[in-house]
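Report on the following structure.
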Amino acid sequence: MSTNKKTILVVEDNDFLADLQKMRLEDQGFNVIISMSGENAIEKVCIQNEPVDLILMDIDLGAGMDGTGAAEIILQKKDIPILFLSSHTEPEIVTKTEGLGSYGYVVKTSDLFVLMASIKMAFKLHESKKEYKEMTFDLKKSRHELEVHQIELEMQNEELRFVRDTLESSLEKCETLYENSPVSYFTIS
């Protein structure tokens, strides 16, 4: 298994379609893991920590949990792009997958070109999302550091004001003593 190959988890309850997807994706240079149910996909990704770079998720997975339910649980625990692959084209189902933060929706009858373009876009979108999160984190960290620095500067400024006020008060006392002294002073500069 090559370390530079990306791994795709195909979640499909139909043996024939799962094997066909596996063959098509392996021909494109991907490592492929197959899961036959939503529960099994959750176990592989969240419990066994299989190294998965993308999930190709069917929506209708037969008895048990459907693909959207499995995706929702996986996304609560892992940051993995999920691309839905389904025969459903009803707007409400497509909208439901969008609400999960999916990276796309491909109809099963689409050709390999459409599937590969969608997979590539999902990888690019996920990478951009990660970079955005990192930049946001860096900005928040920088802002916090600036706020801390500002507080430190305000404290130093307050200390300097106190020292200045103390020095001015001491200078006034010295000037008053000098000016009002009963003894004569001779100053040479």
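The values are calculated or read from the model by the stated rules, or taken from the named source; none is laboratory data. This structure is a prediction, so every number in the text was calculated from the model and none was measured. Please note: Cβ atoms are built from the backbone with ideal geometry, for glycine as well, and neighbour counts cover all protein chains shown. All accessible areas refer to the heavy atoms of the entire protein, side chains included, with ligands and DNA or RNA removed. Shrake-Rupley method; radii C 1.70, N 1.55, O 1.52, S 1.80 Å.
Quick look at the numbers
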item: Subset tally (residues that are without any contact (Cβ under 8 Å) to a residue 40 or more places away in the chain and of a type in the set (Asp, Glu)) for the range 44-87; result: 2
item: Within the range 1-12, considering residues that are open to solvent by 60 Å² or more (accessible area, probe 1.4 Å) and within 27 Å of the chain's Cα centre (by Cα), the one nearest to Gly67 (Cα to Cα); result: Lys6
item: Test: residue in the range 129-141 that is in a loop (DSSP other than H, G, I, E, B) and open to solvent by less than 100 Å² (accessible area, probe 1.4 Å); result: no
item: Number of positions in the range 13-32 that are in a loop (DSSP other than H, G, I, E, B) and either open to solvent by 80 Å² or more (accessible area, probe 1.4 Å) or on the phi < 0 side of the Ramachandran plot (or both); result: 4
item: Top-ranked residue of the range 110-146 - restricted to ones that are at pLDDT 85 or above and of a type in the set (Val, Ile, Thr), ranked as farthest from Gly29 (Cα to Cα); result: Val114
item: Enumeration of residues in the range 59-80 that are in contact with a Cys (Cβ under 9 Å, 6 or more places away or on another chain) and either of a type in the set (Phe, Trp, Tyr) or buried (at least 21 other Cβ atoms within 10 Å of the Cβ) (or both); result: Ile74
item: Count of the range 33-58 residues which are out of contact with any strand residue (DSSP E or B) (no Cβ under 6 Å at 6 or more places or on another chain), of a type in the set (Gly, Ala, Ser) and open to solvent by less than 20 Å² (accessible area, probe 1.4 Å); result: 1
item: Checklist (1) open to solvent by less than 80 Å² (accessible area, probe 1.4 Å); (2) farther than 30 Å from Asp53 by Cβ applied to Asn180, failing item; result: (1)
